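The values are calculated or read from the model by the stated rules, or taken from the named source; none is laboratory data. Please read these numbers as outputs of a predicted model, since none were measured by experiment. Reconstructed Cβ throughout: ideal geometry from the backbone, glycine too, with neighbour counts over all protein chains shown.
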Amino acid sequence: MSDRTTPAAAPDPAASSLGDTLAGGWDGHGDDLPPEDWGKRGGQRRTGTVWLFALFITAMALAHAWLSDDLTSQAFLAWATIFTAISFQALPFLVFGVALSAALTAFVPPSAYQRFIPAKPVRAVPVAGVSGALLPGCECASVPIAGSLIKGGVAPAAALTFLLAAPAINPIVMIATAVAFAGQPEMVLARFAASLLAAVVIGWIWVRFGRADWLRLPARPHSPGESRWRVFRESMLHDMMHAGGYLVVGGLAAATINVMVPREWLLTVAGIPVVSVLVLAALAILLSICSEADAFVAVSLTDFSPTAKLAFMVIGPIVDLKLIAMQAGVFGWRFVARFAPLCLAVGLLSTFLIGGLLL
């Protein structure tokens, strides 16, 4: 027997285990390791949240079908019609907002924002609120634009003020409100004043109490030499896939609640002043109607007071189901858990104040 030890055979790369590959690096040589937070956060976790929310809404519909005989074929057709209407009504504005957001990311340098928006957040908030009157679009468009503004160096409070003001006081919304409430200019003025006041006050509150770690903005770094058109395309695809999924979830929730809430419940509380305002505010959250069309729904609620109708038009553009879902997709649920209740509280106070003065 020979004393010499037979040299070990060279390891076969093809036979290496997955654990060996990860231990030695992606290419087996120890370099090109994945980032430390790889697999812990990212698309899978956010996608799981979307599916969990969608499963919850589906369970609501199935439970209602199991416990009640009211979900007839006509009710299902109504549900499908409402969901389709919400989705198709919001989709053009979502595409517009995503395209504008991508254009801001790709073609506008961060220094350009400083020329129009003051550096101090306290002064930037009212400027951003008034700027919302210049851009036509609904809340679906304002969410990705606000995220792009924050990435461009705009103070979060100012970007959030723009997010609230743009869908509430832009020219299209004001014209639609004037057409719906023909002969009632006080309603148009009340909507403009209450919505702008709520947006600015919320912005100032965020300046005082908001924290940077409450906002989660997806980082999409681009190499300095990368083509601007490539950056535009990648940013638009990313935002469209991300925000579009949450829009569908919000539409599902709104359509389900539209079918499940009996109209008789609304008529019962229409004659109670304060309660009727709260009921229409809740209805605006649940129905998730785009701001360009909500005035026509509000004017049809003839049993309710003018202040209650004002609440419907003020609360809807700043907090509704599809807006909550989209904000969660862009900024995270930690942000939504704080921002949505703040919008509801300030919006109601603004409605009561302006409604009491003008209506």
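Annotations for the structure displayed:
- Within segment 145-158, one or more residues are aliphatic (A, V, I, L, M), modelled with pLDDT of 90 or more and assigned to a helix (DSSP H, G or I).
- Among the residues listed as Thr307, Thr351, the single one being β-branched (Val, Ile, Thr), surrounded by 24 or more Cβ atoms within 10 Å (Cβ to Cβ) and more than 18 Å from the chain's Cα centre (by Cα): Thr351
- Filtering segment 159-187 to residues that are in a helix (DSSP H, G or I) and surrounded by fewer than 21 Cβ atoms within 10 Å (Cβ to Cβ) leaves Pro171, Ile172, Met174, Ile175, Ala176, Ala178, Val179, Ala180, Pro185, Glu186.
- Filtered residue count, segment 294-304, keeping only those that are surrounded by fewer than 17 Cβ atoms within 10 Å (Cβ to Cβ) and under 21 Å from Trp79 (Cα atoms): 2
- A single member of Ala199, Ala243, Ala190, Ala219 is at pLDDT 80 or above, aliphatic (A, V, I, L, M) and within 21 Å of Ala328 (Cα to Cα), and it is Ala199.
- Test: Ala282 is among the small types (Gly, Ala, Ser), within 29 Å of Phe88 (Cα to Cα) and surrounded by fewer than 18 Cβ atoms within 10 Å (Cβ to Cβ): yes
- Spans of helices (runs of 4 or more DSSP H) in segment 247-359 with at least 1 residues touching a residue at least 12 places away in the same chain (Cβ under 8 Å), within 28 Å of Met174 (Cβ to Cβ) and among the hydroxyl-bearing types (Ser, Thr, Tyr): 273-287, 306-315, 333-358
- Picking from residues in segment 79-102 that are modelled with pLDDT of 70 or more and of a type in the set (Ser, Thr, Tyr), the one that is nearest to Leu321 (Cα to Cα) is Ser87.
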